[in-house]
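These notes are about the structure you will find just below.
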Amino acid sequence: MSEDSARRHVPESPADGPVVIVENLHKSFGSNEVLTDIDLEVAANEVLCIIGPSGSGKSTLLRCLNRLETVTSGTLTVLGYDLGHSRTDMNAVRKRVGMVFQGFNVFPHLKVLENLALAPRKVSKISKRAARERAVELLRKVGLPDKADSYPRELSGGQQQRVAIARALAMQPQLMLFDEPTSALDPETIGEVLNVMKDLANEGMTMVIVTHEIGFAREVADRVVFMDEGKIVEQGDPKDVLEHPSHDRTKAFLSRIT
Ligand code: ADP
Ligand code: MG
């Protein structure tokens, strides 16, 4: 191992340059290649929305970004950390990358406040009091100031998903990944979750969001990526991609879902 590659697990200047750099990424499950030659960059403070049909590889790409999946080939740099490097401290990366899934991945046996305080206490070793204060503040931020002592089952789907977002934020991430965060929600609670995400965008959070909410993407995204069959078919300004797509596959997809 060269001296240079031995050092690369430590980010040189995570505050500078793109937050995510994906180069020439390929991912296969057995003989099934589900991501083909993906190149993608996400700048600091950027909101990137990924759209595309079911099975096009959106979730797999997102999962590669915090190494819930290992890549078959290519390079992936997140917050300056080289995810392909054996010496990269993945716990350090995951601490800085928040993820929210379609299902509400809150701990059902813990009260809302305990859900929010757990990781900061265990992983970041902050005091019980500081974790509590941070949790209370985050519950206010996501519009649930009076739910600290509720159990997740006592909340609606939209409220649980806001708890999931608050829980991710409790680790003070520098990048947030969302995988169809509103797809499992009743229509009347989708808006409250999207509004929380909109607030985050306005505060400058760097976000990668897989979504079918085209109106949200048009309004909030800085850039939209359309994926199909494991490839990025086109990307660009939301207005261009969503209102004047240049590829037939993008047109067909948009006409199916809007
Ligand atoms: P999307 O999120 O766009 O619906 P996915 O990333 O979930 O797409 O899936 C892309 C392809 O990868 C699909 O064909 C899916 O069946 C396959 N796939 C995803 N996860 C696995 C896995 N763990 N093992 C095998 N195949 C998988
Ligand atoms: Mg998916």
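The values are calculated or read from the model by the stated rules, or taken from the named source; none is laboratory data. Quick caveat: nothing in here was measured; it's all calculated off a predicted structure. Cβ atoms come from the backbone with ideal geometry, glycine included; neighbour counts cover every protein chain shown.
Of the set (1) modelled with pLDDT of 95 or more; (2) out of contact with any helix residue (DSSP H, G or I) (no Cβ under 6 Å at 6 or more places or on another chain), all apply to LEU113 but (2).
Considering (1) among the hydrophobic types (A, V, I, L, M, F, W, C); (2) more than 16 Å from ligand 1 (Cβ to nearest atom); (3) within 20 Å of ASN115 (Cα to Cα), the lone condition that MET205 does not fulfil carries the number (3).
Looking at SER59, is it at pLDDT 95 or above, within 22 Å of MET197 (Cα to Cα), among the polar types (S, T, N, Q) and within 16 Å of ligand 2 (Cβ to nearest atom)? Criteria met by SER59. Selection within the range 33-57: residues that are within 6 Å of ligand 1 (Cβ to nearest atom) and surrounded by fewer than 22 Cβ atoms within 10 Å (Cβ to Cβ). The member of this set that is farthest from PHE101 (Cα to Cα) is VAL34.
I'd like the residue in the range 229-258 that is within 15 Å of ligand 1 (Cβ to nearest atom) and surrounded by fewer than 20 Cβ atoms within 10 Å (Cβ to Cβ) and, out of all such residues, is modelled with the lowest pLDDT.
Across the range 229-258, the extreme among qualifying residues is ILE257.
For first residues located in the range 173-199 and without any contact (Cβ under 8 Å) to a residue 40 or more places away in the chain, partners that are in a loop (DSSP other than H, G, I, E, B) and of a type in the set (Asp, Glu) and lie 6+ apart or on another chain with Cβ distances below 9 Å form the pairs THR182/GLU213; ILE190/GLU213; LEU194/GLU213. When the range 193-228 is examined, which residues are found to be crowded, with 19+ Cβ neighbours inside 10 Å and among the charged types (D, E, K, R)? Those that are crowded, with 19+ Cβ neighbours inside 10 Å and among the charged types (D, E, K, R): GLU213, ARG223, ASP228.
Scanning the range 62-77 for residues that are surrounded by 15 or more Cβ atoms within 10 Å (Cβ to Cβ) and within 21 Å of LYS231 (Cβ to Cβ) yields LEU62, ARG63, CYS64, LEU65, GLU69, VAL71, GLY74, LEU76, THR77. I'm checking my understanding of the structure. Among residues of the range 64-107 that are basic (Lys, Arg) and without any contact (Cβ under 8 Å) to a residue 60 or more places away in the chain, which one is nearest to ligand 2 (Cβ to nearest atom)? Checking each candidate, the answer is ARG67.
Taking the range 150-258 and the strands (runs of 3 or more DSSP E) fully enclosed by it, the elements with 2 or more residues that are under 21 Å from ALA135 (Cβ atoms) are at 175-179.
Based on what the data block shows, is ARG96 in contact with a Pro (Cβ under 7 Å, 6 or more places away or on another chain), surrounded by 16 or more Cβ atoms within 10 Å (Cβ to Cβ) and closer than 20 Å to PRO181 by Cβ? Criteria met by ARG96.
This table checks each residue for (1) over 29 Å from THR77 (Cβ atoms); (2) aliphatic (A, V, I, L, M); (3) in contact with a Ser or Thr (Cβ under 6 Å, 6 or more places away or on another chain).
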{"position": "ILE165", "(1), (2), (3)": "no, yes, no"}
{"position": "PRO173", "(1), (2), (3)": "no, no, no"}
{"position": "MET176", "(1), (2), (3)": "no, yes, no"}
{"position": "PRO181", "(1), (2), (3)": "no, no, no"}
{"position": "ASP186", "(1), (2), (3)": "yes, no, no"}
{"position": "GLU192", "(1), (2), (3)": "yes, no, no"}
{"position": "VAL196", "(1), (2), (3)": "no, yes, no"}
{"position": "ALA201", "(1), (2), (3)": "no, yes, no"}
{"position": "GLY204", "(1), (2), (3)": "no, no, no"}
